[in-house]
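Just so it is clear, none of the values below were taken in a lab; they were calculated from the coordinates. Keep in mind that this is a model prediction, so the values were computed, not measured. Cβ coordinates were reconstructed from backbone atoms using ideal geometry, including for glycine residues, and neighbour counts include every protein chain displayed.
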Amino acid sequence: MRRTTGATGGPIVSRPLLFLDVDGPLNPYAAKPQRRPAGYITLRVPRDGQTPDGHRSALVRRRPLRVWLHPRHGAELLRLDYELCWATTWMAEANRWIAPVIGLPELPFVDFGDVLLQDRPDGVHWKTAPLVEYANGRPFAWVDDEQGGLDQAYVTAHHRAPGLLHHVNPRIGLRDDDFRTLAEFARACTVPQRDRDGG
């Protein structure tokens, strides 16, 4: 666990990272399409049509993307003892479209670059290695609807700090039980090492 030294010279245990996906945890996209989940609002995100050479065309029109968001989720995430970070295909666009609706400030995001949506031959999710690299040995929780056993094995083998891969059902999104699990993991990560070792 990475530590820094405070003004008094005592150790400060850094908070874990919370890697946050949008579609699935925040946007329960797999819920019944004609039945918005209780407590959620509907956001319509425009998708500009483009020609193959990248120019916009009036002839290429795509329906806006429907996103369901719960306005209370931002406050609940901010109450957790984490540093929040987007880990989503939305990348910087999450700060434009998602954060203001649910009450989050602008957050850092993982720039997936060339690996965005690129399947790996070993079956590990394309987000997994970039998240481990971004965490750089720091404890993290990753909230998503697509992780699996291969991803947990990769994190265990390549990440020297605790890593929680928390799966959220995309039909229901984040629930109270999810927030409790995340809070418990954060508390476990911030216990000083000497206490965890019984010293």
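Full extension of the chain between ILE172 and LEU65 yields a length gain of 36.7 nm, computed as 0.36 nm times the residue separation minus the alpha carbon distance.
Here the Karplus relation 6.51 cos²θ - 1.76 cosθ + 1.60, evaluated at θ = phi - 60°, turns the backbone of region 107-117 into coupling constants of 10, x, 9, 7, 8, 7, x, 6, 8, 3, 6 Hz, with x for every Gly and Pro. When the alpha carbon coordinates of region 60-126 are projected onto the principal axes, the ranges are 38, 38, 17 Å, largest first. Applying 0.36 nm per residue to the separation of ALA183 and VAL115 and subtracting their alpha-carbon distance, the gain on full extension is 21.4 nm.
For region 104-120, the residues whose backbone nitrogen is under 17 Å from a point 7 Å from the Cα of MET91, taken along Cα to Cβ, are 107-119.
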